[in-house]
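Q: One structure coming up, written as structure tokens, with questions to follow.
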Amino acid sequence: MNKILNKRIMIFVGSFGSGKTEIAINYSIYCRKDYNQVAIVDLDIVNPYFRTREVRGTLNLKGIKIIAPEGKMAYADLPLISPEIKGLIQNSNYHLILDVGGDDIGSVVLGNFEHFIKELDYEMLLVVNSYRPFTQNLSQIMQMAQEIENSSRLKITGIVSNPNLSTQTDEEVIRQGHTLIRQAAQKLNLTVRFICVDKRFSQKIKSEDFDEPIFYIERFMHLPWNKF
Amino acid sequence: MGEKILMKGNEAIGEAAIRAGCRYYFGYPITPQSELTAYMAKKLLKMKNAAFIQAESEIAAINMVYGAAATGVRAMTSSSSPGISLKQEGISYIALAELPCVVVNMMRGGPGLGDIQPSQGDYFQATKGGGHGDYHLIVLAPSSVQELVDLTMDAFDLADKYRNPVMILGDGLLGQMMEAVEFKERPKVDLPDKGDWIITGCKDREPRHIVPFDLDPSVLEKWNYNLGEKYKKIKEKEVRYEAVNTENAELIIVAYGTVARIVKTVISNAKEEGINIGLIRPITLFPFPEKVINKTADNVKKFLVVEMSLGQMVEDVKLSVNGKAEVNFYGRAGGIIPSPEEILKEVKKCL
């Protein structure tokens, strides 16, 4: 990917199950290649499983700082917000990735930081998977964007196109889904900053197939029966 | 063919219920099934002739289901382990009243308040009654998000067919994981007419009562016998299971739900090491697939039951095998999911 994404604070929001966590993890690894001080913040106060905190070990090994409830509290479904986050938001040495919980409910947590984030060099990207129940058509995607802006009190600055059916994704699924997400982005007067494509398609789907940059995604959230 | 959509297990149950004609949902949120309650709120509140109520408690919710079911509508409630315990009194009443309804339990670690990780510790509660008195639920145990969809739709039909509460017994992992699903066109099923028993206002007819109570023990005994006859019929007609690689297997694993999914990986891992094992996956936990297990025990002399509990379904497997083969057990509890590697290690210990 080119350097469109050079903002110091990158916030991923979106509907429940749109893929924010996987994208935020992948993006933090990508970001770490260029910057020494990278931190990912697990702000998910909605989901009980499949959260950034589950890959703490992997991220630490890659030299990425992870801010998430620790110890027993890592297993809780409580709205725990570390006091460290405010400091990191204001620390200009850090590139910060915020993985926010789903829907407007999950975005509420951003309201807590809104007054000092909005002064800073930030980007808030709406992750959209057009195969999820509440973002399947233009009006639903528009509504989701509006609700998240209302509850976070921050403006969405771009779209991340993440059309997929998990393991049942194929090229046609990506192409069709992306066409819809692009239309939604146009209606919202936003650009699609990048398209997420599972890295298993890296030989089949090339950047010249799309106008927008492709971000190849590796999956970190595994199911217990997956071989890896 | 319907369109494919990527859904969390909990959302998929909600959509399947609505497509099966359920318009009345009563619940109280609890992790890890709250997405189902949230989904029903989002959808049902926008529909006509529908009701979504977040009740003041689980006890209230199940009694709302009881009332709704008595009017003949398709009604549902859902919860996770501790919340299901609270619903047991109502479920027992519904069982004697012979009302059709669907109850979803996405199990979590127990006993007590436990934790919020996946578990299968409620097998006894689900299959042996759960509340007081002599009764059974029909218990369906899905193993994928697509099966959550299909079995939820079947659950409403089975409930109507037998006028019996049906439980979907899943776990937190099935509720939280995401898979692509399809809502297929379903063949029309002939179901008994509800017109002769529902309570919808007695204008121009004799009043009816639905009361799970009779002071005369001979009447109550007769009702119990009727229930017994019904369960016998259910055992004859509704058993479902999946058998994988059971031909020439050295050992058969019996597992349901999430664990069965893991066991499928174990089967292929074992094959790579030259070990041939099979799986019998009960899809109905009540009625339990006794016959197929008993028959399999004629040829295979070793069984391993794997559960996310310290040993519950293993009792039904032992009863089914009836001494014809060795039945071993491996379980993890408290919300821990066994890995394919540790199950394979147990397989090797048994061989």
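The values are calculated or read from the model by the stated rules, or taken from the named source; none is laboratory data. Model, not experiment: these values are computed from the prediction. Don't worry about glycine lacking a Cβ; one is built from the backbone with ideal geometry, like all the others, and counts go over all protein chains shown. Areas reflect the complete protein model, heavy atoms only, side chains present, ligands, DNA and RNA absent. Shrake-Rupley method; radii C 1.70, N 1.55, O 1.52, S 1.80 Å.
Q: Report Rg/Rh for segment B:209-248, rounded to two decimals, where Rg is the Cα radius of gyration and Rh the Kirkwood radius.
A: Numbers: Rg = 17.8 Å, Rh = 13.2 Å.
Dividing the radius of gyration by the Kirkwood radius yields 1.35.
Q: Along the charge dipole of segment B:282-351, Cβ charges K/R +1 and D/E -1, which of B:Pro340, B:Phe288, B:Val321 sits furthest on the positive end?
A: Final value for the positive-end residue is B:Val321.
Q: Around A:Phe194, which amide H atoms from residues at least 5 apart in sequence, or from another chain, sit under 5 Å from its own amide H, with H modelled in the peptide plane?
A: HN-HN under 5 Å from A:Phe194: A:Ser161.
Q: Right, here's the next one. Taking amide H atoms as placed 1.01 Å from N in the peptide plane, list the residues 5 or more away in sequence, or in a different chain, whose amide H sits under 5 Å from that of B:Val104.
A: Placed amide hydrogens put B:Thr77, B:Ser78, B:Ser79, B:Ile168 under 5 Å from B:Val104.
Q: Then there's this: Per residue of chain A, what 222 nm ellipticity follows from adding -39500 (n - 2.57) for every DSSP H run with n ≥ 4, rounded to the nearest 500? If you can, show how the numbers build up before the last one.
A: On the way: 7 runs with 67 residues, N = 228.
About -8500 deg cm²/dmol.
Q: Let me check against my output: what whole-number percent is the relative contact order of chain B, with C-alpha pairs under 8 Å and at least 6 apart?
A: Working: 751 pairs, mean separation 61.3, N = 351.
Rounded, it is 17 percent for chain B.
Q: From the phi angles alone, apply the Karplus equation (6.51, -1.76, 1.60; θ = phi - 60°) to segment B:304-318 and give each ³J(HN,Hα) in whole Hz, x where the residue is Gly or Pro.
A: 10, 9, 10, 9, 8, 6, 8, x, 10, 4, 3, 5, 5, 5, 4
Q: Now a separate question. Among B:Gly201, B:Gly331, B:Gly133, which one moves the most in a GNM of chain B with springs linking Cα atoms closer than 10 Å?
A: Of the options given, B:Gly201 has the highest mean-square fluctuation.
Q: Moving to a separate point now. Within 10 Å of each Cβ in B:259-269, how many Cβ atoms from other chains are there, averaged over the peptide?
A: Values: counts 2, 1, 3, 4, 1, 1, 5, 1, 0, 1, 1.
Averaged over the peptide's residues, the number is 2.
Q: Roughly how crowded by other chains is peptide A:37-47, in terms of the mean Cβ count from those chains within 10 Å of each of its Cβ atoms? Can you show the working numbers first?
A: Details: counts 0, 0, 0, 0, 0, 0, 0, 0, 0, 3, 5.
Per residue, the number of nearby Cβ atoms from other chains is 1 on average.
Q: If you build a Gaussian network model of chain B, linking Cα atoms that sit under 10 Å apart, which residue out of B:Ser218, B:Ser79, B:Ser320 swings the most?
A: B:Ser218
Q: Give me the number: length gained by fully extending B:Ala51 to B:Glu250, i.e. 0.36 nm times residue separation minus the C-alpha to C-alpha distance, one decimal in nm. Let's see the in-between values first.
A: On the way: separation 199, 0.36 × 199 = 71.64 nm, distance 5.23 nm.
Taking 0.36 nm per residue and subtracting the Cα distance, the gain is 66.4 nm.
Q: Under a GNM of chain A (C-alpha, springs under 10 Å), which listed residue has the highest mean-square fluctuation: A:Ala39, A:Ala76, A:Ala24?
A: A:Ala76
Q: Would you jot down the residues in segment A:109-138 that end up with at least 40 Å² less accessible area in the complete protein assembly than in the chain alone, with a 1.4 Å probe?
A: Buried-area filter returns A:Arg132, A:Pro133, A:Phe134.
Q: Amide H neighbours of B:Ala51 under 5 Å, counting only residues 5+ apart in sequence or on other chains, H built in-plane at 1.01 Å?
A: Residues meeting the criterion, in which the H sits 1.01 Å from N, are B:Tyr24, B:Tyr25.
Q: Just to verify a number: what accessible area does A:Leu78 come out at with the full protein assembly present, 1.4 Å probe, Å² rounded to tens?
A: Near enough 80 Å² of accessible area.
Q: Remind me, relative contact order of chain A in percent, using alpha carbon pairs under 8 angstrom and six or more residues apart?
A: Averaging sequence separation for qualifying contacts and normalising by length gives 24 percent for chain A.
Q: Still on this structure, I have one more. With each run of n ≥ 4 DSSP H residues scored as -39500 (n - 2.57), what mean residue ellipticity at 222 nm is computed for chain B after dividing by its residue count and rounding to the nearest 500 deg cm²/dmol?
A: Numbers: 12 runs with 144 residues, N = 351.
Value at 222 nm, helices only: -12500 deg cm²/dmol.
Q: Something else: Which whole-Hz couplings ³J(HN,Hα) result when phi for each residue of segment B:132-148 is put into the Karplus expression 6.51 cos²θ - 1.76 cosθ + 1.60, θ = phi - 60°, listed in order with x for Gly and Pro?
A: Each residue's phi maps through the Karplus curve to give 7, x, 8, 7, 9, 9, 7, 10, 10, 10, x, 10, 8, 5, 4, 6, 4 Hz.
Q: Based only on Cα atoms, what mean projected area does the convex hull of the protein assembly as shown have, in nm²?
A: With the hull built on Cα positions only, its mean projection is 29.1 nm².
Q: In whole Hz, with x marking every Gly and Pro, tabulate ³J(HN,Hα) for segment B:11-24 from phi via Karplus 6.51 cos²θ - 1.76 cosθ + 1.60, θ = phi - 60°.
A: 5, 4, 4, x, 5, 4, 4, 5, 5, 7, x, 6, 10, 10
Q: Could you work out the relative contact order of segment B:242-350? I mean the mean sequence separation of Cα pairs under 8 Å and 6+ apart, divided by the number of residues, in percent.
A: Worked out over segment B:242-350, it gives 30 percent.
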